[in-house]
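I have placed the structure first, in the form of structure tokens, so that the comments after it can refer back to it.
The values are calculated or read from the model by the stated rules, or taken from the named source; none is laboratory data. Everything numeric in this text was worked out from a predicted model, so none of it was measured. Neighbour counts run over all protein chains shown; Cβ positions are idealised from the backbone, glycine included.
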Amino acid sequence: MAKKTEIKTERIEREYIIPLREKGRSVPRYKKTPKAIKTIKEFLVRHMKIRSRNLNNIRLNRFVNEAIWARGIKNPPSKIKIKAIKSGEIVRVELVDIPEKLKYKKIREEKREAKAKQALEKKKSLMERAKEGITTKPAEEKPSQTEEEKKEEKEKVKASAEAGEKMKKAAAKTAKHQAGRKTKQPKRQQRKALAK
């Protein structure tokens, strides 16, 4: 009985060319593209054997969505070639033939993601180095400061605090004058009835 409780998580990949024109004929023009998306989901529910028949189990890739909506709401493509990947009850849908415009967009996004990963790794390595530095180095004692150095340090702190307050006041003043004011419209002459 333990074998029955195990869930099969097979990964099935298939490519389909889905016809969209026939189902789109029966709806008004301003609903054709949403109907095309629903048609894709219905097709995949039937062909990928999703037992619950739940359309929410079909997850369209962003590029599939953009390819369908590329020509607007009234003029979706007549057919689309997709790749469906089923794992469990969820089916992920990707484009097989990506148009040139979307290819460049996808490449740009991949570069952005790679850059973000590198920045994250760099940040992690810096944090690890900092932790190692904290744990390995004993706390260094500062030599005692003279009274003059202490006075100079206090004056610097005071001066920086005053400068910060001045900057805040200036920023508040500019914000006050810029935001929330409506420009006055010049008064127009009131129209008077023509004297006869």
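Observations on the model:
- A single entry from Ile90, Ile85 fulfils the requirement of being modelled with pLDDT of 90 or more, touching a helix residue (DSSP H, G or I) at 6+ places or on another chain (Cβ under 6 Å) and within 25 Å of Glu109 (Cα to Cα): Ile90.
- Listing of strands (runs of 3 or more DSSP E) fully contained in region 37-99 that carry 1 or more residues being hydroxyl-bearing (Ser, Thr, Tyr): 79-87
- Residue, surrounded by the fewest Cβ atoms within 10 Å (Cβ to Cβ), within region 60-96, restricted to residues that are more than 26 Å from Lys31 (Cβ to Cβ) and among the charged types (D, E, K, R): Glu89
- Region 79-114: number of residues that are farther than 17 Å from Ile18 by Cβ and hydrophobic (A, V, I, L, M, F, W, C): 4
- Put simply, of Lys115, Lys105 the only residue that is outside the structural domain of Arg25 (by TED's automatic domain parsing), surrounded by 12 or more Cβ atoms within 10 Å (Cβ to Cβ), modelled with pLDDT under 95 and over 18 Å from Glu42 (Cβ atoms) is Lys105.
- Cβ pairs under 7 Å, 6+ apart, first in region 97-125 and without any contact (Cβ under 8 Å) to a residue 40 or more places away in the chain, second outside any helix (DSSP H, G or I) and among the basic types (Lys, Arg): Asp97/Lys81
- Residue within region 119-137 that is modelled with pLDDT under 85, part of a loop (DSSP other than H, G, I, E, B) and more than 23 Å from the chain's Cα centre (by Cα) present: yes
- For beta carbons closer than 7 Å, sequence separation of 6+ or different chains, a first residue in region 40-53 that is in the same structural domain as Gly24 (by TED's automatic domain parsing) and a second that is assigned to a loop (DSSP other than H, G, I, E, B), the qualifying pairs are Val45/Arg53; Ile50/Glu89; Ser52/Glu89.
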